[in-house]
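Contents: one structure, followed by commentary.
The values are calculated or read from the model by the stated rules, or taken from the named source; none is laboratory data. In this text, all values refer to a predicted model and were calculated from it rather than measured experimentally. Glycine also receives a Cβ, built like all others from the backbone with ideal geometry; neighbour counts cover every protein chain displayed.
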Protein chains: 2
Amino acid sequence: MANFDLTRLLAKDNGGKIILLVLDGLGGLPMEPGGPTELEAASTPNMDRLAQEGTTGMSIPIARGVEPGSGPGHLALFGYDPLRYSIGRGALEAAGIGLDLRPGDVAARGNFATIDENGLIVDRRAGRISTEKGAEAVADLKKIVLPGVETIVEEVKEHRFVLLMRGEGLDPRVEETDPLEVGKPPLKCEPEPAAKEIIAAQHTADLVNQFIAEAAERLKPHYPANFINLRGFASDPALPKFKDVYKLNAACVAVYPMYQGVSRLVGMDVIPTKPMDSPEDEFNLVAQHWDSYDFFFVHIKYTDSRGEDGNFDAKVDVIEQVDAALPILLNLNPDTLIITGDHSTPAKMKQHSFHEVPTLFWAPAIVRPDEVTAFGERTCVRGGLGFFPATDIMMYALAHAGRLGRYGA
Amino acid sequence: MANFDLTRLLAKDNGGKIILLVLDGLGGLPMEPGGPTELEAASTPNMDRLAQEGTTGMSIPIARGVEPGSGPGHLALFGYDPLRYSIGRGALEAAGIGLDLRPGDVAARGNFATIDENGLIVDRRAGRISTEKGAEAVADLKKIVLPGVETIVEEVKEHRFVLLMRGEGLDPRVEETDPLEVGKPPLKCEPEPAAKEIIAAQHTADLVNQFIAEAAERLKPHYPANFINLRGFASDPALPKFKDVYKLNAACVAVYPMYQGVSRLVGMDVIPTKPMDSPEDEFNLVAQHWDSYDFFFVHIKYTDSRGEDGNFDAKVDVIEQVDAALPILLNLNPDTLIITGDHSTPAKMKQHSFHEVPTLFWAPAIVRPDEVTAFGERTCVRGGLGFFPATDIMMYALAHAGRLGRYGA
């Protein structure tokens, strides 16, 4: 029985309130032999108290040894087996900016690029133009009309936009047009090899090529944004929704569109944020909407960002900001508070890594305490929940909130 | 998605070098309540340092509570689910002595035996004749000609040889001829019950019976090796190869043919050894071939042998020899060194056992240290990797060597 069969059978539509606080890329590594990780170095009196009162363990995001991408990492946290469910990048991006992806739609992630007079890509990000300039270029892309399909184009940020095609007979199984290297011509859109015989895929590729050709004409005044590459063609992944599988009214508080996108695709409401919102700002948004939802997914982006920068101290600082703001959440008296990450991003590696993620469950009513008294990698290894797949976090969350019934008589 | 789907998707054909050092039957038990295990009793300053700098855990070879055979134990270490993949004993023995097992071939393990004038087996090992005498008897078996198939007979060691049949219409699903007890007549070879209707199985059984009958004639001058029993009929298990599933050029350094056999079947090159090579000799072979491979499987046999002898102190001594020789491997600067066993062989039990196996990962660049500072059973229980199936060792090995890419965007 997959987890969802169990949760559909056992989940109750009443019970306690849950906060899933995700510090993106939380797990870390010592910079020097014998040294602390970022989380161990951070002064986190609130998390340490929660670890002492609650229980801890190590979450395995995808599989042992596997470095997670952000999409699969979050699907796993939400209880969706990331080896079974996947979200194409275009669908993620479209959902992220709030586009309503309907069955049959095909979405792609677009990048403005610079092309030279010989037709070679010389900058894959068009000099990272401003979001304002991007929006001006998008305004001209909106004028493109394709035969038989509606096109929706929206600016995301800087050189990034989304193209959504809506109409009959589309198929997302077409290849990207980005040559991924400068000094090369853009690629023609083609059906994927496995979809070569699929008429809808060929039709979609033809429309994409037509869109790009017309874009090249219309973008001439927008140099350096005088060309586009399209990537990650995808349709709605049709994920089961939180309300269906968990009987939860769920909300997302996240500052980055991508995480809002995944949340929308699993049926969460997205509470509007501002890009520069601090952990404190995000927690205050939870407080404002506390009465409207059973479940809050709160996403802190900058632990991951500072890890990717290789800036150990700055990652420590973000963790400390989160800790300092935690009383805002605790004052709401959640029945279950989980603190974890979608993967590790050790500053030492400057990238996502395969290492397991320290995870904390706090649920005053029924959590079984362990011997761990501080929240960190070395301590969570001997935590009361042991090692578990990230996809079990939602099971524990529901259980600790009294929202899962008994299995069998 | 099975592990191999993941590794095929994510493995890179470049990255760090890996040494998988397997101390056969490493895990042990205290001889007296409160006493140390063999590994705990051994003085292992090098392994203890690696445990301190690296991370540790407990490997579950087959399934909790299951005592592993050597074949499945090694398949698991190599990442092949031992409940899904199996190697017939004949195939293992043939591969072990370097016979090239082709599709359609049927191989069996042969034992010289002694039969009396009443046709009863009186010694199932023919008095454990010398390898020299065995080879003389094999020379006469080589003269046997079967209709329509080629037969290859090779001495293994003492009373053991391999019979390989090559030709059209063979099937390995036939039963062993060894009655497994003295005082009984040899069994006639028959198709397995499930293969009763299979013509090729009946044909194979007929050929086997014909071979045995002719062998009985030809072996009369070789008393006590005046008869043969054939066991473990098997064909090529067609295992996926290391190069295919892991993108690794792999080599095996092992003194026993069986472990060389498993290694060959998963696509490793086998570096020639001498039967009495010490751990130091084996490590020096790794050093000699260091530049030619990405991955070395190094097998130490005598931890298991001394465990099976019930000789606690001698097993301790083998572990200490390995520890003393470890600097030879460390001087090669491997990116990842794993020390583990294929199963436990506690001297107290004088046999393989189901107990989990202490395991150590050392990877100076990116290993996440735990609180363990000595390599032993009691310490590894609280190691940074927890309890994991042995089949995950290769995932961690690739990950620690930087040879696995990210899953998803």
So is B:Pro72 under 30 Å from B:Arg166 (Cα atoms) and not assigned by TED's automatic domain parsing to the domain that holds B:Val286 or not? no
Can you find, within region B:372-401, the residue that is nearest to A:Ser344 (Cα to Cα) among those that are of a type in the set (Gly, Ala, Ser) and within 27 Å of the chain's Cα centre (by Cα)? B:Ala399
Out of B:Arg378, B:Arg382, B:Arg406, B:Arg368, sole residue that is in the same structural domain as B:Val66 (by TED's automatic domain parsing), touching a residue at least 24 places away in the same chain (Cβ under 8 Å) and farther than 20 Å from A:Glu32 by Cα: B:Arg378
Looking at B:Thr391, is it modelled with pLDDT of 95 or more, over 22 Å from B:Gly69 (Cα atoms) and hydroxyl-bearing (Ser, Thr, Tyr)? no
Could you tell me which residue of region B:119-150 is nearest to B:Leu170 (Cα to Cα), considering only residues that are acidic (Asp, Glu) and part of a helix (DSSP H, G or I)? B:Asp140
Could you look through region A:14-31, keep only residues that are assigned to a loop (DSSP other than H, G, I, E, B) and not charged (D, E, K, R), and pick out the one that is farthest from A:Leu75 (Cα to Cα)? A:Met31
Quick one: A:Leu239 ticks every box in (1) part of a strand (DSSP E or B); (2) under 30 Å from A:Leu285 (Cβ atoms) bar one, so which box is it? (1)
Here are B:Leu6, B:Leu10: which of them is aliphatic (A, V, I, L, M), more than 27 Å from the chain's Cα centre (by Cα) and either within 14 Å of chain A (Cβ to nearest Cβ) or on the phi > 0 side of the Ramachandran plot (or both)? B:Leu10
Take region A:319-341 and flag every residue that is touching a helix residue (DSSP H, G or I) at 6+ places or on another chain (Cβ under 9 Å) and either polar (S, T, N, Q) or within 11 Å of chain B (Cβ to nearest Cβ) (or both). A:Gln321, A:Asn331, A:Thr336, A:Thr340
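Here is a yes/no grid of residues against (1) over 22 Å from the mean Cα position of the chain (by Cα); (2) surrounded by 22 or more Cβ atoms within 10 Å (Cβ to Cβ):
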site	(1), (2)
A:Gln288	yes, no
A:Tyr293	no, no
A:Ser305	no, no
A:Gly310	no, no
A:Leu332	yes, no
A:Thr345	no, yes
A:His355	no, yes
A:Asp370	yes, no
Does B:Asn209 count as assigned to a helix (DSSP H, G or I) and of a type in the set (S, T, N, Q)? yes
Return the pair list, or none, for Cβ contacts closer than 6 Å from residues in region B:249-270 that are assigned by TED's automatic domain parsing to the domain that holds B:Ala287 and among the charged types (D, E, K, R) to residues that are crowded, with 24+ Cβ neighbours inside 10 Å and not in a loop (DSSP other than H, G, I, E, B), at least 6 apart or on different chains. B:Arg264/B:Ala95
I need a count of the residues in region A:315-329 that are surrounded by fewer than 17 Cβ atoms within 10 Å (Cβ to Cβ) and aliphatic (A, V, I, L, M). 1
Across region B:393-409, what is the total count of residues that are among the basic types (Lys, Arg) and more than 7 Å from chain A (Cβ to nearest Cβ)? 1
Going by what's in this entry, would B:Phe361 be described as within 18 Å of the chain's Cα centre (by Cα) and closer than 21 Å to B:Gly57 by Cβ? no
So which of B:Ala365, B:Ala390, B:Ala287 is within 14 Å of chain A (Cβ to nearest Cβ) and more than 28 Å from B:Leu29 (Cβ to Cβ)? B:Ala365
Given the residues B:Ile300, B:Ile338, which is the only one that is out of contact with any Asp or Glu (no Cβ under 9 Å at 6 or more places or on another chain), crowded, with 23+ Cβ neighbours inside 10 Å and within 28 Å of B:His400 (Cα to Cα)? B:Ile338
